[in-house]
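Novice: First the structure, then my questions, so here it is.
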Amino acid sequence: MSNLTRSALPQITTAGFAIAGAAVLLAGTPDEAPTEIRAEVRLASTESVPMSPMLEEPWWLSDNDRLFGPAAAVQNPLAAFGGINIFNPVGPGGWLIGNGLDASPDCIGTACNGGNGGLLWGRGGNGANGGNGGDAGLFGNGGNGGNATVAGMAGGSGGRGGWLVGNGGAGGNGAVGISPGQAGADGGRGSDGGAGGNAGLFGNGGNGGNGGTGARGANGFTGAAGDGTDGAAGGAGGNGGAGGAGGTLSGDGGSGGLGGAGGAGGSGGHGAFGSPLENDGAGKVGGSGGAGGAGGAGGAGGTTIVGQVGAGGAGGAGGAGGVAGNGGNGAQGDMQVNDGRGGNGGDGGDPGAGGQGGTGGPGATTGADGADGATPTSGGNGGNGGDGAHGESGAGNLAAAHGREGGSGGDGGLVGNGGRGGAGGDGGYVSDGGPGEGGAGGDGGAGGNATHGRGGNGGAGGAGSSGPGNVVTFAFGGNGGSGGQGGESITGAGGDGGRGGDGGHGGNNNQPSSVGGGGGGGANGGSGGTDGGDGGDGGRGGNAGSSSGGVSLGGPGGNGGKGGSGSTGAGGAGGDGGDGGSGHSEEAVSLGGFGGSGGDGGDGSSGVGDPGQAGSANAGNTGGSGGAGGEGGSP
């Protein structure tokens with residue numbers, strides 16, 4: 001112990017006992033002399049006895065003039081000053097020796113602060129509902145700050161430790177942010193943690209309180225009609241409280257509080273289904289996802305003031321960022337109108353950034369800096385595209401309608417995956433007596449793109465419809481729709497291309513000729529920062545039916561899509577070619593459809609994509625040729 005310590009302790013202790021002695025002398029002289037109490041008894045006869053004095057307690061032990069303990073009463077306004085009851089020097093709440101009183105859990109306002117400890121000895125009382133902790137006297141620890149119990153209320157600060165010896169109290173924790181009560185409202189911010197209390201000459205500083213968590217943003221609204229609304233952003237996390245300073249002569253600084261985690265973003269609302277009462281009948285677009293809230297900053301570590309003997313407090317870790325909301329799905333188109341395309345999916349939101357870690361406090365040994373909060377590595381996916389409407393059937397001289405294209409998948413947020421493209425609608429069927437051609441399938445929607453996530457897969461093409469029965473000219477099956485392009489990604493994997501739709505069958509009755517529909521082509525896979533996406537397979541050609549004219553031709557198979565290129569990984573595999581359709585073997589002219597060609601494999605740095613397989617020719621009187629195999633990608 002230093003010379004300063006040896007000389008300071010006796011002097012300060014002597015001064016404390018001098019204060020105590022003076023207080024007892026003052027307390028030993030009551031404001032008024034005790035009044036003698038006599039009980040007068042009136043006898044039934046004319047005789048009487050002298051009134052005698054009653055037994056009394058000493059004034060310092062009586063209920064009305066108690067000097068020691070919590071029941072001490074104030075006799076007049078001069079007995080209390082500065083909020084101190086001079087007739088309660090010792091015991092709970094005593095101003096000389098005693099612990100400060102804790103705040104009641106149902107307190108309001110300043111009543112939530114903890115009471116101070118006795119001048120000589122006693123810890124500070126604990127705060128409640130965001131109130132501050134009470135300070136200690138010469139010896140004792142500071143009271144802890146109260147935790148916040150209402151959104152927007154900060155945690156209470158810790159009380160000061162004893163002037164001579166004592167640790168500072170810990171700060172209270174912040175509260176969770178306000179949750180929104182309606183669609184489209186952002187989540188509330190978490191409140192800050194309270195600061196840790198400082199120590200006196202000897203002691204450690206109190207730790208700071210943790211910041212509150214941000215509230216989740218509201219989801220977007222999905223209505224009966226119209227596009228989905230965007231999801232709201234999550235609330236930011238509260239900051240951690242600073243650590244208290246260590247003792248002036250010796251003691252470590254308190255650690256800073258942890259930053260609160262950011263709230264999650266709300267999901268986008270889904271689009272409404274297409275309606276026949278509208279002009280286009282297209283499915284409506286999904287809303288975008290909300291951004292995640294930022295994490296709160298960690299509190300700074302406490303310092304040592306003069307002696308630089310103790311270690312500085314460690315900084316608090318920053319809060320984690322909030323997860324982003326997903327985009328809403330696009331809706332399916334309506335089949336009873338001209339334009340029944342599927343709605344596009346909504347884009348995913350971006351995640352919240354992690355909070356910055358607190359700085360370590362200086363001291364003989366500098367406290368470690370707090371780690372920065374983590375930023376989410378997933379979430380915020382794009383919404384899926386809506387499926388295209390199926391084509392309306394035709395009757396008599398009404399042509400069958402083609403299927404409609406699927407909606408595109410929404411783009412992923414910063415770390416989210418792209419949404420899947422919607423499937424194309426199937427072509428409409430032609431009944432007997434129609435013009436002779438089944439409806440073609442709609443094209444699949446493209447997959448959504450991504451930044452660090454995976455690209456979305458393309459939607460499958462719709463199937464072509466069968467040709468009619470009794471007509472006088474021809475009967476063609478509808479062609480299958482093409483698959484949707486796979487989504488691309490900058491650092492993640494590319495999405496797979498969509499499969500082509502199958503061709504429709506030719507009619508089966510008394511047509512002069514019957515021709516199967518061609519299979520739709522498979523789409524290319526998306527390029528990726530790692531691996532490329534696989535190409536989609538080609539659709540199968542439609543089979544031909546019987547015909548009165550003796551001509552029956554199977555439909556050709558669709559070509560496979562090319563595999564996507566991979567920047568640091570393998571290229572995607574090429575899609576397989578579709579098989580050709582079969583001709584009707586009993587006809588004079590019956591040809592099987594040609595098989596589709598396989599797609600080329602994608603280029604890659606660590607591996608090449610496999611080539612797609614050629615489609616096989618199907619039987620007729622004369623089989624069709626097989627498709628060519630795709631080429632492998634180059635490294």
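The values are calculated or read from the model by the stated rules, or taken from the named source; none is laboratory data. Keep in mind that this is a model prediction, so the values were computed, not measured. Cβ placement follows ideal geometry from the backbone for every residue including glycine, while neighbour counts extend to all protein chains displayed.
Novice: May I ask you to say which residue of Gly143, Gly137 is at pLDDT below 95 and in the same structural domain as Gly100 (by TED's automatic domain parsing)?
Specialist: Of Gly143, Gly137, the one residue that is at pLDDT below 95 and in the same structural domain as Gly100 (by TED's automatic domain parsing) is Gly137.
Novice: What residue, of Gly507, Gly503, Gly541, is more than 48 Å from the chain's Cα centre (by Cα) and at pLDDT below 90?
Specialist: When all the criteria are applied, what remains is Gly507.
Novice: Confirm whether Ala324 is surrounded by 24 or more Cβ atoms within 10 Å (Cβ to Cβ), within 16 Å of the chain's Cα centre (by Cα) and at pLDDT below 85.
Specialist: yes
Novice: Return the residue satisfying two criteria in turn: it lies in region 95-115 and is buried (at least 22 other Cβ atoms within 10 Å of the Cβ) and in contact with a helix residue (DSSP H, G or I) (Cβ under 9 Å, 6 or more places away or on another chain), and of such residues it is nearest to Gly125 (Cα to Cα).
Specialist: The residue in question is Ala103.
Novice: Then there's this: Within region 357-372, how many residues are buried (at least 24 other Cβ atoms within 10 Å of the Cβ) and either of a type in the set (A, V, I, L, M) or under 13 Å from Gly256 (Cβ atoms) (or both)?
Specialist: Number satisfying all stated conditions: 6.
Novice: Considering (1) surrounded by 24 or more Cβ atoms within 10 Å (Cβ to Cβ); (2) within 18 Å of Pro105 (Cα to Cα), say which one Val150 fails and leave the rest.
Specialist: Every condition holds for Val150 apart from (1).
Novice: Looking at this structure, is Gly237 touching a residue at least 24 places away in the same chain (Cβ under 8 Å) and within 18 Å of the chain's Cα centre (by Cα)?
Specialist: Values: touching a residue at least 24 places away in the same chain (Cβ under 8 Å): yes; within 18 Å of the chain's Cα centre (by Cα): yes.
Yes, satisfied.
Novice: Mind listing just one residue for me: the one in region 153-201 that is among the aliphatic types (A, V, I, L, M) and touching a strand residue (DSSP E or B) at 6+ places or on another chain (Cβ under 8 Å) and, of those, surrounded by the fewest Cβ atoms within 10 Å (Cβ to Cβ)?
Specialist: Val165
Novice: From (1) in contact with a helix residue (DSSP H, G or I) (Cβ under 6 Å, 6 or more places away or on another chain); (2) within 30 Å of Gly293 (Cα to Cα), pick out the condition that doesn't hold for Leu120.
Specialist: (2)
Novice: Based on this model, can you work out whether Ala570 counts as farther than 18 Å from Gly522 by Cβ, surrounded by 22 or more Cβ atoms within 10 Å (Cβ to Cβ), at pLDDT 85 or above and of a type outside the set (S, T, N, Q)?
Specialist: Yes; evaluated as a whole, the condition is true for this residue.
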